[in-house]
Structures are given as C-alpha cells and as structure tokens.
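Participant: Quick one: structure below, then a few questions.
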Amino acid sequence: MSRTSMLILGHGSREASANAEFEHFVGMYRVRRPELEVAHAYVELAEPLLDSALHELARRTDRVVVLPLFLFAAGHVKHDVPQALARARLEHPNVRFEAAAHLGVDPAMVQVAVDRAISASSASGIDPARTAVVVVGRGSSDPDANSDFCKLVRLATEGRGYWWVEPCFIAITRPGFEEAAELVAHGRPDHLLVVPYFLFAGTLVARIEAQLRGFSGRHPAMHTSLAMHLAPRSDIARVLDVLDERCAQVLARDEPSDRAPRPVPLRLEPSGPV
C-alpha cells in the first residue's frame, strides 16, 4: 500500500452552494496533484465528517495528511483536528497521520484580500481618499484567531490610500459589522466598501449582505459596495498555491533538515497606485 493521501478539511455549511464551492476547490487541487489521493471532509454540518474520512483513507493509504482549509487557527484547528488524529492513530496504528498548518497570515492570502478590495474599488470607480473600508471576518472565541485577522487587515490595507479601514466580525465577537459600519458612517465618507474575508459563500456571507442592505437603507446618501468573497474566479489559484506550500511542508519532514522549507518574506505584488 505505500501511498500518501491528502484530506482537505472544510468547516461545512448548511448552505449546499457553499459546500459545492468547497468541493469544487478540492477537485481543482486533485487535478493539480494527481500523484496523491485527494479527498475532503467537514468538521460539522456536512458529510463526510472528519473521523469517517480519516478511517476510509486509512484503509487505502499508509500516510494521511490533513490540510485544514481554515483562514485562522481557532478551536477546530487547535482542538478538533488533533483530537481526531489521536483517535485515528489508536484505530489504525500502522498508518501515519499528520496535519498541515492552516492558511494563516500568509503573503498570498494578504494579496488575495488586497486584490478583492482593489477589484471592487475599480469596478465602482471610487476615490480611495473618500472611501471607508470595512473588512469582515467570521469572528472567534479564540483571541489569537481574531488578532491574526486584524493583522492581515492591516497588512492588506496599509498604504493603500483609503480614508478609513475598520476590521470587524459577523459572529461571536465584537465589533460586529453593523457596529463598525455605523462607526465609520459618522465620518461621512462618500463610499463604504465592504470586504468579506471568507473563502466561500454561506449563511454568514448572506448575513453580511442583508446587514449591508439595512445599512444602505439607513444611509441612502452614502454609496456602498460589497466585494466578492475570496475563492471564486482567478483568486482560487493563489489559495491553491498556499495549500501546496502547506502540503510540501509536511512531506518535507521526511527529507534532510537542510532541505526543509524556509520562511517566505512578505512581498506584495503591485496592485496599482496607493
């Protein structure tokens, strides 16, 4: 049997369209890495669930690498994945189970956020100097995940010429999106640009859309626009590249230490005038 499998792990959604986006992404990665068996699983709300998928892959391969397709490391990455791997190791002692790192504050992910904002700004023909940008994350009870989100927002918007940038969340923690939008509205910008920092669509992105419509009704004089979430269209290639790096970092553990991957310096591609 001597074969390695990659299990791409998503959160799971009650929205079938969100799960379909995720599974389309997995299919693209499968095409990219034909030498590996690539499968998918969810933490909750959809099937197959993580434990079941680990069991199935362990029957066919002798090394299983979990690739968490999570933007930041909160409870699912820190607790659910290690616990599932521990259970799988007990059940399949002859199979090697490992987990790669989550996506995190990676230069490529910062660039995806930059490109989303730039694309929405260009489409609306807005003046950054009179534009407030509200970047919306999921929100977590884990302060590390929330602080990494705020760091990424700063990296993506620093020096871009926007009048005001405000990070916020749509669930669990504060400031919430409506709270942040009302705050920047006091400054009377000409334009409010909302950037949802989500890989795939789903109930939370729909909640942002609904709350933005409510905001627009309360502030009819202010022009508003909503950027796309992260994975659709050409940006998906950047995310696939990051996943490839995470995969390579795990597979390199069998190589001599001098061949281990080195940290990549943060370099953003030019995205137009600032």
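Participant: Roughly how many debye, to the nearest 20, is the charge dipole of the range 4-102 about its Cα centre, given +1 on each Lys and Arg Cβ, -1 on each Asp and Glu Cβ, and no other charges?
Facilitator: 300
Participant: Moving on. Mind sorting 150, 247 by how few other Cβ atoms lie within 10 Å of their own Cβ, fewest first?
Facilitator: Fewest-to-most Cβ neighbours within 10 Å comes out as 150, 247.
Participant: OK, next. Would you mind calculating the gained length between residue 56 and residue 101 on full extension (0.36 nm times residue separation, minus the Cα-Cα distance), in nm to one decimal?
Facilitator: Working it through step by step, the gained length comes to 14.0 nm.
Participant: Nearest 500 deg cm²/dmol is fine: what mean residue ellipticity at 222 nm does the chain get from its DSSP H runs of n ≥ 4 alone, each adding -39,500 (n - 2.57), divided by its residue count?
Facilitator: Using -39500 (n - 2.57) per qualifying helix, the result is -13000 deg cm²/dmol.
Participant: Taking the Cα centre of the chain as origin, sum charge times position over the Cβ atoms of Lys and Arg (+1) and Asp and Glu (-1), and report the length of that vector in debye to the nearest 20.
Facilitator: Using only the charged Cβ atoms, the result is roughly 120 debye.
Participant: With r as the distance between the Cβ atoms of residue 164 and residue 31 and R0 = 35 Å, compute the FRET efficiency 1/(1 + (r/R0)^6) and round to 0.05.
Facilitator: 0.25
Participant: Quick one: if the Förster radius is 25 Å, what FRET efficiency do residue 185 and residue 122 give, using the C-beta to C-beta distance and rounding to 0.05? Working shown, then result.
Facilitator: Values: r = 23 Å, r/R0 = 0.93.
Calculated transfer efficiency: 0.60.
Participant: Any idea what the dipole of the range 182-241 comes to, in debye rounded to 20, about its Cα centre with Lys/Arg Cβ at +1 and Asp/Glu Cβ at -1?
Facilitator: 140
Participant: To continue, here is another question. Using Cα atoms only, what is the angle between the long axis of helix 107-124 and the major principal axis of the chain, expressed in degrees (0 to 90) to the nearest 10?
Facilitator: 30
Participant: Could you please state, rounded to a whole Å, how far the C-alpha centre of the range 34-112 is from the C-alpha centre of the range 144-209?
Facilitator: Each part's Cα centre sits 29 Å from the other's.
Participant: Which order do peptides 65-74, 26-35, 114-123, 136-145 fall in by mean Cβ count within 10 Å, highest first?
Facilitator: Working: 65-74: 22.5, 26-35: 14.0, 114-123: 18.0, 136-145: 19.8.
Peptide ranking by packing, descending: 65-74, 136-145, 114-123, 26-35.
Participant: Take the Cα of residue 172, step 7 Å along the line toward its Cβ, and report every residue of the range 1-41 whose backbone nitrogen sits under 14 Å from that point.
Facilitator: What the label zone holds, given the 14 Å backbone N cut-off, is 11-12.
Participant: Shifting gears a bit: Just for the Cα atoms in the chain, what are the lengths along the principal axes, largest first, rounded to whole Å?
Facilitator: 65, 39, 32
Participant: Excluding residue 151 itself, what net charge comes from residues whose Cβ is under 12 Å from its Cβ, given Lys and Arg +1 and Asp and Glu -1?
Facilitator: Overall, the nearby charge balance is -3.
Participant: When the chain is fully extended, how far beyond the present Cα-Cα distance does residue 248 get from residue 44, taking 0.36 nm per residue of separation? Numbers along the way, then the final one.
Facilitator: Values: separation 204, 0.36 × 204 = 73.44 nm, distance 2.67 nm.
70.8 nm is the gain from fully extending residue 248 to residue 44.
Participant: Bin all alpha-carbon pair distances of the range 107-226 at 10 Å intervals from 0 and give each bin's fraction as a whole percent.
Facilitator: Taking all Cα pairs of the range 107-226, the binned fractions are 14, 50, 33, 4 percent.
All of the numbers you see were taken from the coordinates with simple rules; none came from a lab. Note that the structure is predicted; figures quoted are calculated from it, not measured. Ideal geometry is used to build each Cβ from the backbone, glycine not excepted, and the neighbour counts take in all protein chains shown.
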